[in-house]
Amino acid sequence: ALPISLARNKISTSKILKNAGIPVAEQEPIQNENEIISIINKLKFPLVIKPSNLDGGEGVSTYLQTYNEVLEAYKKAAKRSKYIIAEKHFEGKDYRLVIFNEKLLWAIERRPAHIIGDGKNSIANLIKIENKNPSRGEGILFPMKLLEIDDEALKILKDLNVNIEYVPAKGEIIRLKIGRAHV
């Protein structure tokens, strides 16, 4: 069984998984801003930037498609850790498995943060309503994180040609994150 400290080391974990024949995203450590262009040229867009030693989505930015997006994501991640990696971004399903003493305790599909329209409330109000869910909060004791309107959410809304005052139709799903799961 991998100790927790190793599981939080994304570079070592990726090497172990790759050696076991499990496909993993190609990744590169980023030591400083000067390396960004060469990493973009090597990995190609879209990219993910994240601390390699943290979990819970801290400092993670996904589906980055321009140099400026990667630079800003690097700065954001560097505020949380000095160990930053870039990875190729892949769309697909995301699962978290919890294994203890070589036994699977639980598995969950993690879906990107989103709200579901009711035909009455704006995106801003739907977020406030959803954040009252007792399963949402900050820290490891909460299975779901609080929803927020951050730069990634604003970019998604802009791409949809809507803003936080938009009232989604009943059942309309509005994603607030691209690939990082927040359920």
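Worth a mention:
- Of all residues in the range 67-76, none satisfies being more than 18 Å from residue 154 (Cα to Cα) and either touching a Phe, Trp or Tyr at 6+ places or on another chain (Cβ under 9 Å) or acidic (Asp, Glu) (or both).
- Where residue 169 falls short, out of the listed (1) over 30 Å from residue 68 (Cα atoms); (2) touching a strand residue (DSSP E or B) at 6+ places or on another chain (Cβ under 6 Å): (2)
- Of residues in the range 115-151 being in contact (Cβ under 8 Å) with a residue 60 or more places away in the chain and not in a loop (DSSP other than H, G, I, E, B), the one surrounded by the most Cβ atoms within 10 Å (Cβ to Cβ): 115
- Criterion applied to 59, 92 was being within 18 Å of residue 178 (Cβ to Cβ), loosely packed, with under 15 Cβ neighbours inside 10 Å and among the small types (Gly, Ala, Ser), and the one residue passing it is 92.
- With respect to (1) outside any loop (DSSP other than H, G, I, E, B); (2) within 18 Å of the chain's Cα centre (by Cα); (3) surrounded by 10 or more Cβ atoms within 10 Å (Cβ to Cβ), the lone exception for residue 99 is condition (2).
- If you go through the range 62-79 and keep only what is of a type outside the set (Val, Ile, Thr), open to solvent by less than 50 Å² (accessible area, probe 1.4 Å) and touching a residue at least 40 places away in the same chain (Cβ under 8 Å), you end up with just 74.
Quick grid of which residues meet (1) surrounded by 13 or more Cβ atoms within 10 Å (Cβ to Cβ); (2) free of Cβ contacts under 8 Å to residues at least 40 places away in the same chain:
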| site | (1), (2) |
| --- | --- |
| 19 | no, yes |
| 25 | yes, no |
| 28 | yes, no |
| 33 | no, no |
| 38 | no, yes |
| 41 | no, yes |
| 47 | yes, no |
| 50 | yes, no |
| 54 | yes, no |
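- Odd one out for residue 131, checked against (1) at positive phi; (2) of a type in the set (S, T, N, Q); (3) under 21 Å from the mean Cα position of the chain (by Cα): (1)
- Scanning the range 103-114 for residues that are under 16 Å from the mean Cα position of the chain (by Cα) and surrounded by fewer than 12 Cβ atoms within 10 Å (Cβ to Cβ) turns up just one, 109.
The values are calculated or read from the model by the stated rules, or taken from the named source; none is laboratory data. What you see is a predicted model; the values in this text were computed from it and never measured. All Cβ positions, even for glycine, are placed from backbone atoms using ideal geometry, and neighbour counts span all protein chains on display. Surface areas here come from the heavy atoms of the whole protein model, side chains and all, with no ligands, DNA or RNA. Shrake-Rupley method; radii C 1.70, N 1.55, O 1.52, S 1.80 Å.
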